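A quick write-up on the structure given underneath.
The values are calculated or read from the model by the stated rules, or taken from the named source; none is laboratory data. Everything numeric here is computed off the predicted structure, so don't read it as measured data. Cβ sites come from the backbone with ideal geometry, for glycine too, and all protein chains shown count toward neighbours. Each accessible area value is taken on the protein alone, full model and side chains, heavy atoms only, with ligands, DNA and RNA left out. Shrake-Rupley method; radii C 1.70, N 1.55, O 1.52, S 1.80 Å.
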Amino acid sequence: MEILEMNYINFRNLEDRNIQFSPRFNLFFGKNGQGKTSILEAIYFSATGKSFRTSKNIELIKYNKDKMGSYISYRDLISEKTLSVKIDRKQKEYKYNGKKTSFDEFYGKLNIITFIPEDIELIVGSPSFRRSFFDAEIAQSNYEYFKNLKDYNKILKIRNKYLKEKNIKNDIFPIYEDEFIKLAAKIILKRIEYVKNISIILNLNYRKLFDDKKELSLKYDSFIGEFKGMSLIDLEEKIKVIIKEFRYQELKYGYSMVGPQRDDFKFLLNEKEAKSYSSQGEKKSIIFSLKLSEIDMIIREKRETPIFLIDDISSYFDSIRKDNIINYLKRRELQVFISSTTDLNIESKNFKIDKGEIQDGHYECR
Ligand SMILES: Nc1ncnc2c1ncn2[C@@H]1O[C@H](COP(=O)(O)OP(=O)(O)OP(=O)(O)O)[C@@H](O)[C@H]1O
Ligand SMILES: [Mg+2]
């Protein structure tokens with residue numbers, strides 16, 4: 001996929017404008033606080049209808065304005081398409097090829113992978129952070145997973161309400177519970193499959209780019225315990241058994257203590273959990289390798305090459321690691337958007353950002 005151009009109005013501190021991009025490297029260059037992350041965020045927002053920094057839409061609207069909008073045109077394997085989003089203080093409107101659409105339809109059309117400083121949270125942060133991340137990644141290229149997850153979350157809420165009210169003796173509760181088990185099994189199975197596939201690529205990428213003397217793996221850590229070789233039916237059966245075991249406790253505490261909402265993902269470097277044992281540099285390298293592996297997974301699942309956004313590359317890695325990364329990216333057929341405070345020594349379309357104003361053309365990043 002390739003983003004051709006973007007248009008935005010009232011996005012954070014950025015001056016309104018229309019930008020044409022290069023199909024390969026686009027470099028946003030500028031001092032701290034000028035709008036580098038904001039321009040990457042604008043690209044991400046236009047592509048996904050969400051921000052990678054905040055879940056509060058209002059923060060994206062320029063101070064003292066009440067509306068914001070963005071428009072993007074892109075090309076996939078089939079044709080040229082457009083996406084646009086408009087928000088004001090009350091509502092959000094999505095359009096695909098000029099026609100109003102729902103968020104569910106909008107999400108996943110344009111695939112985009114980001115590497116931002118906050119990503120380190122994927123290792124050191126909470127399980128819920130990891131779950132939402134991996135869920136979004138799987139959903140990006142798998143609409144069925146997206147639907148299952150949405151339905152599961154709805155049923156989870158209802159189930160929790162019944163448990164809280166200790167109202168499980170009525171006729172409807174077993175029907176919800178049945179659906180709850182079926183969806184839980186589907187979600188877990190897809191996560192297991194995804195982790196298995198990405199873990200192999202992850203290790204290859206880590207060894208190729210950062211350290212060929214170490215082995216990196218990603219493990220799915222589930223409330224169901226050992227799941228090797230289990231089918232969907234096996235998983236459903238196991239969840240049924242566990243639910244029975246937890247019945248008393250679930251009623252006592254009034255919420256679901258069983259289900260994929262309790263699971264976690266673990267990074268292991270040479271069999272040791274990265275969260276507790278890896279250095280800062282290793283953690284960043286693990287996450288970068290993860291992002292590259294997601295790119296490979298999207299190519300595999302959708303046959304489309306996603307867009308790659310890298311925020312603040314200069315503050316992340318030492319010069320050797322940075323050179324490795326750049327050389328690797330040069331060899332890949334990817335459209336890349338990078339922000340940096342220093343020169344990167346790549347052939348790129350350069351954009352200079354100064355107080356939200358973006359200049360392009362013949363700017364040399366020195
Ligand atoms: N809604 C908004 N309206 C106007 N300005 C905003 C809004 N939200 C954030 N800003 C300001 O936009 C400026 C640019 O922020 P941004 O994070 O894009 O900078 P940056 O170039 O990435 O800086 P750094 O190199 O420090 O990461 C900041 O001064 C920030 O306070
Ligand atoms: Mg920034």
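Amide H contacts of residue 4 (H built 1.01 Å from N, in plane; Pro and chain starts excluded): 73, 74, 75 sit under 5 Å, all sequence-distant by 5 or more or on other chains.
Comparing mean-square fluctuations of 68, 297, 230 from a GNM of the chain with C-alpha springs under 10 Å, the top value falls on 230.
The fraction of all Cα pairs in the range 123-301 landing in successive 5 Å bins from 0 to the largest distance is 1, 8, 16, 19, 17, 14, 10, 7, 5, 2, 1, 0, given as whole percents. Counting only alpha carbon atoms, the long axis of helix 127-141 and the longest principal axis of the chain meet at about 70°. Quick one: among 332, 303, 24, which has the greatest mean-square fluctuation in a GNM of the chain with alpha-carbon springs under 10 angstrom? Maximum fluctuation in the GNM of the chain, among the listed residues, is at 332. What Kirkwood radius, in Å to one decimal, follows from the Cα pairs of the chain? Value: 22.2 Å, from the Cα pair sum.
Taking the DSSP bridge list for the chain and keeping only pairs wholly inside it, about 70 percent are antiparallel. Largest GNM mean-square fluctuation among 280, 34, 91, using the chain with Cα springs under 10 Å: 91. The residues of the range 93-161 expose on average 45 square angstrom of accessible surface per residue, using a 1.4 Å probe on protein heavy atoms. Dividing the summed helix terms, -39500 (n - 2.57) for each DSSP H run of n ≥ 4, by the number of residues in the chain produces a 222 nm estimate of -14000 deg cm²/dmol to the nearest 500.
Applying a DSSP loop filter and a limit of 15 other Cβ atoms within 10 Å to the GluC sites (Glu not before Pro) in the range 251-323 leaves 271, 304. Rounded to the nearest whole Hz, the Karplus-based 3J(HN,Hα) values (6.51 cos²θ - 1.76 cosθ + 1.60, θ = phi - 60°) of the range 202-210 follow the sequence 4, 4, 4, 5, 4, 5, 5, 8, 10, with x at glycine and proline. With respect to the chain, whose longest principal axis is taken over its alpha-carbon atoms, helix 36-48 is tilted by about 50°. Put simply, the amide H of residue 307, placed in the peptide plane, has neighbours under 5 Å in 111, 112, 113, leaving out anything fewer than 5 places away on its chain. Its relative contact order, with pairs defined as Cα atoms under 8 Å and 6+ residues apart, puts the chain at 26 percent. 3J(HN,Hα) couplings calculated from phi for the range 13-26 with the Karplus curve 6.51 cos²θ - 1.76 cosθ + 1.60 (θ = phi - 60°) are, in sequence order, 8, 6, 6, 3, 6, 10, 10, 9, 10, 7, x, 10, 9, 10 Hz; Gly and Pro show x. Principal-axis analysis of the Cα atoms of the chain puts helix 143-164 at an angle of about 50° to the longest axis. Counting only protein heavy atoms and a probe of 1.4 Å, the accessible surface of the chain is 49% carbon and sulfur. For the range 232-248, the Karplus equation 6.51 cos²θ - 1.76 cosθ + 1.60, evaluated at θ = phi - 60°, returns couplings of 4, 5, 4, 5, 4, 4, 5, 5, 4, 5, 5, 4, 4, 4, 8, 3, 4 Hz by residue, with Gly and Pro reported as x.
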